[in-house]
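Participant: Mind looking over this structure? Questions follow.
Values quoted throughout were computed directly from the atomic coordinates according to the rules given, and no laboratory measurement underlies them. Quantities reported herein were computed from a predicted structural model and do not represent experimental measurements. Cβ placement follows ideal geometry from the backbone for every residue including glycine, while neighbour counts extend to all protein chains displayed.
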């Protein structure tokens, strides 16, 4: 009963957030149509100068590292891919609404977003390592970037309890999600599910948000992205790149590393690359401000 009450409080907070821009809603709608073309997407994005500017800033940023500047929106859409543009539009809209300092009473905002960027770039590096379809690489990054999004409403709505949750985790040397459950009655994956539903995130990103701490329970169609985000999250917390409140992360099950063909030595080898990629990916935070 208590959990249901807490979930309602989180849902109320999410419902009071500013709504998505009409153009972003339209982008999601048309991108979910398998027959959508870059020209269709161009029409929608072109009528929103802010969204158009964001897409062009991203395609021409160090994050993508193109050899020459792209000036055509249609060319940018073709180069990024329709699904990537959808994810970028959604993620920047979400971050614009949730990146206010008032949402981070119990967590350091800078540390939180650095952790989120780390998980995003690491999940993408894992995806490259296991040779997933290049068209889906950006989904791995966005899923990693947003995996902890449920911590934001928990911080805002249950500030004192969240401080207790972090203290519980430190004292008991337990994963933070266990401290959240003990102090609040629900964890950030459960709160994140409500955010993912409200913002109509794609199934692969939603699944990573919900299951990155419970991969053994996942039976859906997006195992690789869920596993990659879970592994990347462990690496970020273990290596203390950024800080999301989780000093004692749960060691992932053996099958996870086997499935992704990685081990801790592999993670050690990519740490410098991860830090370089984080700096390039900071463009996402700049755009969200």
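Participant: What angle, in degrees between 0 and 90 and rounded to the nearest 10, separates the Cα long axis of helix 2-15 from the longest principal axis of the Cα atoms of the chain?
Facilitator: So the inclination is approximately 30 degrees.
Participant: While we're here: Let's test the formula: R0 of 35 Å, r as the Cβ-Cβ distance of residue 134 and residue 182. What FRET efficiency results, to the nearest 0.05?
Facilitator: Once the sixth-power term is evaluated, E becomes 0.25.
Participant: Can you tell me the Rg and the Dmax, both Å, for the Cα atoms in region 110-177?
Facilitator: 15.1, 44
Participant: Quick one: P(r) of region 34-146 from all Cα-Cα pairs, 5 Å bins, percents rounded to integers, in order of increasing distance.
Facilitator: 2, 11, 18, 22, 20, 15, 8, 4, 1
Participant: Would you work out the relative contact order for region 2-288, in percent, from Cα pairs under 8 angstrom that are 6 or more residues apart?
Facilitator: Once normalised by length, the contact order is 23 percent.
Participant: With a point put 7 Å past each Cα toward its Cβ, work out how far residue 239 is from residue 17 in nm, to one decimal.
Facilitator: 2.8 nm
Participant: Fully extended, how many nm does the chain gain between residue 279 and residue 203 (0.36 nm per residue separation, minus their Cα-Cα distance)?
Facilitator: 24.6 nm
Participant: Report the calculated FRET efficiency for residue 271 and residue 39 (r = Cβ-Cβ distance, R0 = 51 Å), to the nearest 0.05.
Facilitator: 0.75
Participant: Mind checking the full-extension length gain between residue 221 and residue 7? Use 0.36 nm per residue of separation minus the Cα-Cα distance, one decimal, nm.
Facilitator: Contour length minus the Cα-Cα distance gives 74.4 nm.
Participant: Quick one: order 78, 149 by neighbouring beta-carbon count within 10 Å, fewest to most.
Facilitator: 78, 149
Participant: Fewest Cβ neighbours within 10 Å first, please rank 166, 262, 85 accordingly.
Facilitator: Exposure proxy ranking, most exposed first: 166, 262, 85.
Participant: Follow-up question, since we're still on this one. Using a 7 Å offset from the Cα along the Cα-to-Cβ direction at both residue 74 and residue 105, what is the distance between the two label points in nm, to one decimal?
Facilitator: 5.1 nm
Participant: Rounded to the nearest 10 degrees, what's the angle between the helix 223-239 long axis and the longest principal axis of the chain, both from Cα atoms, 0 to 90?
Facilitator: 60 degrees
Participant: For each of 236, 23, 67, count neighbouring Cβ atoms within 10 Å of the residue's Cβ, then give the residues from fewest to most. Kindly include the intermediate steps, with their values, before the conclusion.
Facilitator: Details: 236 31, 23 19, 67 4.
Ascending Cβ contact count within 10 Å gives the list 67, 23, 236.
Participant: Can you give me the angle between helix 109-129 and the longest principal axis of the chain, using Cα atoms only, in degrees from 0 to 90, rounded to the nearest 10?
Facilitator: The angle comes out near 70 degrees.
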